[in-house]
1. I'm checking my understanding of the structure. Among residues of region A:244-285 that are small (Gly, Ala, Ser) and either away from chain B (no Cβ under 14 Å) or touching a residue at least 40 places away in the same chain (Cβ under 8 Å) (or both), which one is surrounded by the fewest Cβ atoms within 10 Å (Cβ to Cβ)?
2. Regarding B:Ile474, is this residue surrounded by fewer than 18 Cβ atoms within 10 Å (Cβ to Cβ), out of contact with any Lys or Arg (no Cβ under 7 Å at 6 or more places or on another chain), within 13 Å of chain A (Cβ to nearest Cβ) and aliphatic (A, V, I, L, M)?
3. For A:Lys288, all conditions in the list (1) surrounded by 15 or more Cβ atoms within 10 Å (Cβ to Cβ); (2) touching a residue at least 12 places away in the same chain (Cβ under 8 Å); (3) under 20 Å from the mean Cα position of the chain (by Cα) hold save one; what is the number of the exception?
4. So for region B:526-533 (the condition being closer than 21 Å to B:Ile326 by Cα, free of Cβ contacts under 8 Å to residues at least 60 places away in the same chain and either touching a helix residue (DSSP H, G or I) at 6+ places or on another chain (Cβ under 7 Å) or not charged (D, E, K, R) (or both)), does at least one residue qualify?
5. Out of region A:113-145, which residues are in contact with an Asp or Glu (Cβ under 7 Å, 6 or more places away or on another chain), in contact (Cβ under 8 Å) with a residue 40 or more places away in the chain and more than 28 Å from A:Glu263 (Cβ to Cβ)?
6. Under the condition of being assigned to a loop (DSSP other than H, G, I, E, B) and not β-branched (Val, Ile, Thr), which residue from region B:124-134 is farthest from B:Glu219 (Cα to Cα)?
7. Taking the residues in region B:510-525 that are of a type in the set (D, E, K, R) and free of Cβ contacts under 8 Å to residues at least 40 places away in the same chain as candidates, determine which candidate is farthest from the other protein chains (Cβ to nearest Cβ).
8. What is the residue count in region B:1-33 for residues that are within 24 Å of B:Glu43 (Cβ to Cβ) and assigned to a strand (DSSP E or B)?
Amino acid sequence: MTDKNKHLDCVLSSHKISNEQALLDKHISKRNEIKEALEIKYESNLYSPFNSGSYAKNTAVNLKFDFDLMAPYKRNAFGSNGTLKEMFTDVFEFLKDKYHGKEATVRDQKVSIGIEFYSDKDGHIVKIDVVPGRELNVDQYKDDDKLNLYVNKKFGTLEEGSDYIRSNIQAQIDKIKDRATAEKDSVRKIIRLLKVWKINNKPDIKSFFIELITLKAFDTVKVEGDLWDKLKTLLEFIRDKVKEVSLPDPGNSTNEVADTLSETEKFTLSDDMKYMIERIEENSDNVKTYFKINENHPCEDEDEKKYGVKREGVSIPPTKRFG
Amino acid sequence: MSDRANLINSIVEDLPNIKIIRHFVDDYGNVLGRVQLMHAAVELEFDVEVKPPYPLQFHETETIRFLNPTLIEYNHVNRDGSICIHTTHSPDIKQKIEWDFNSLMEWIEKYYLSNIEDNHYEHIVVSEYQDEVLSCYLFTDVKHSFQKHSFGTFVYSLQAIGQEGKKEKDTYLIHNYFVGKIPYECNWSSLYKQQSGFLQGIYVYIEAPPVKHKRFAVESWSELEPFVSQEFLKFLYDIDKKGAYKKAGIKKLPLFIGYKIPTGEIHWQCAIIDTDNFPNESLRLGNGYGGQFKDMPINWSSTKNCSYKYFFGRGKFSEKITEKKILLIGIGAVGSMVATALTRGGCKFLSLVDYDVKEPENVCRSEYDFNTGINNKVIDLGLKLTKISPFIEIIPDANMMDAIKYFINNGKSEEAIKKRIEEFDIIIDCTTDDDVAYILDFLNLKNEIISLSITNNAKELLCSVKPNLYDWLISRDSFIQKNNEPLHVPTGCWNPTFKASYNDISALVQFALKHINISYESGKPLRHFFLSAETENEFIIKLHQF
């Protein structure tokens, strides 16, 4: 029998960003380096790039820092007839020239350009996603914070080559950050637990989706009790509502964040939740299968034994599975 | 008159709209009579034959027969004029007679009065010649569209010598058809294409079925003549004159007669030509010569369409599995059962990987046979699978996993290994070798991967898939029931193995495959799952999906 609450607390504790301070510092340093490089390259065509990932929203876990660097371009940065595709390609080519094959692998992703730096002497890997966006009209960004993103690869119901308008990105960040900070024992913990699950099982789901559906659940149903009760309520909410839930972008209500998942992906996510609840209720030990402790940072048990470290009673584990 | 005949008379007399024309009497065990049925404005007479088992069925046919040879043109009438009826079982003779006569009334209404054509196609009725040795020719699809009146030779071989009743029955397999000098191969798997002992027959494609009375195969060669061309008769004449078959000691020459059936497929019937007495002859036609068939009976042999569609017509796995290239690693108890089920389920491409050798101890709970002795598992099972299905390509590869383990750590071979494995669509790992699960996960392969294993006493069957294939498996170790029941420890230097019978294992394996098939068919992603077998009060298999 596993104490679910104790285990979940340990999961959160083992995934604290502060456990990986050195890696965090490296992320910040690299982010600043990329930011400067973009500012030098694009000069006055670029407004000030800023961090928009989970770290900025206070919901990060140390498996994946989720450092997204928004690069807001001016309307005519790529010519008055320049397309969003040209913007995306230009930034991709620039970052590829600068980093690819030298100190990192650079990939074009759904709406961003992923820069994954090679493992350093400590075995640390820094990964930063640069998200190019362009203001909707000349000088409008200063007033409305709206940016057009380019959908480079189809995701959810968004077709490849289409525009995706993100607006008031600072408002998006603030909304999540404010709730995560004010409700750190509930909203923040649940988001971080769901992210631990997501990173291990469904890496393609956007963190923003997890954050918004969590807030939606907190605003719609009573989320109370101990940590497992709260988490279970969330899992049930996603199981029951994900197929029809509307998750308007806090910065622009015409943006439907639920559309970042296809119908099939929503059905699968609903089933994920259904089976997760069934298995954990059937056997509390299964909570360990779904919510893994970061074994690099195990928790201290009251008996001063490391909790979360695999132990076997004998020196050679017996064979248990056969064919 | 016997009691049985009296009873039948009294029952039939009481039936409405039926008049006994000739009373039922005993006739060497059978009971015979004649009746008249009145339906609407129609009156039809039938001889009735009640056989000794009646009201029981015999060899799945009714033991009462209603005969009227003048009705042969109508549907569901056999060549001897008997009406084809099927009714429900009843041990009560009165009830059964009522049902059978009602069934005859229904036939009159549907097929005599309304002339209904059934949607499903029934093959033409061919009376197989009762030679001393019977034969049957198995054919399958061929990638060629035959033109009406085209003819040529085909290649076939003896597949097996069996028995039907007390007679020898030889089964032959058709390999290809020659159109001119070009051979068109039949769609069997490569092992069947490579069979030796080839023989040659001749074929003619006539397009329309060679029938009289709509569905009865013609009985004489002269009745076949309108269906063939003069060119074919000349071809046959030349064969006769050359006498090559006769010189080679071949007495019976199969003539395949092809025609199209409503589904658009070609069906072949086989008429046997006696090479000592060809059924055709030449005749003078104006200034030249022509050919004709003699008025002699056709000796029909039986044929079977064994194409994939019919072979697996009664049931198979989803096409999302059968059409995939499958790599099966580990063919012990679980793996060999998976392999057999996939083969019987219509899979077309299966590569078998296992370094191990089959020993007598393996036989009792796997798909291996005792009589093939000590043998490499991939060869032993591979041969067995090709015996089951003529449509599966088996690639035995004893060393693939060994080679991967040897080279995976050298830092140079990862891409080559990935490329090799990614030639397949689905990998099924039944090795229960955690190294294998680790490697498959580590390689970050595009393939779908299914890892199956079983626990002691077949208490659980585990199925791990991507993502987290390896982690999930390892994490399950702490959950596996901690029973103290000992493992099976054979004498000698063996690793202990699990205890379980063929029945214990196959119950779980078949359940798991059923679940996997449903997942593929529905398009839902296959999840990690385990099956738990509960045996305390009653036997229950529970599915636990993750």
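The values are calculated or read from the model by the stated rules, or taken from the named source; none is laboratory data. Everything quoted here is computed from the prediction, not taken from an experiment. Ideal geometry is used to build each Cβ from the backbone, glycine not excepted, and the neighbour counts take in all protein chains shown.
1. A:Ser253
2. yes
3. All conditions are met except number (3).
4. No; the residues of region B:526-533 include none that is closer than 21 Å to B:Ile326 by Cα, free of Cβ contacts under 8 Å to residues at least 60 places away in the same chain and either touching a helix residue (DSSP H, G or I) at 6+ places or on another chain (Cβ under 7 Å) or not charged (D, E, K, R) (or both).
5. Matches in region A:113-145: A:Phe117, A:Lys127, A:Tyr141.
6. B:Glu132
7. Filtering region B:510-525 for residues that are of a type in the set (D, E, K, R) and free of Cβ contacts under 8 Å to residues at least 40 places away in the same chain, the one farthest from the other protein chains (Cβ to nearest Cβ) comes out as B:Lys514.
8. 11
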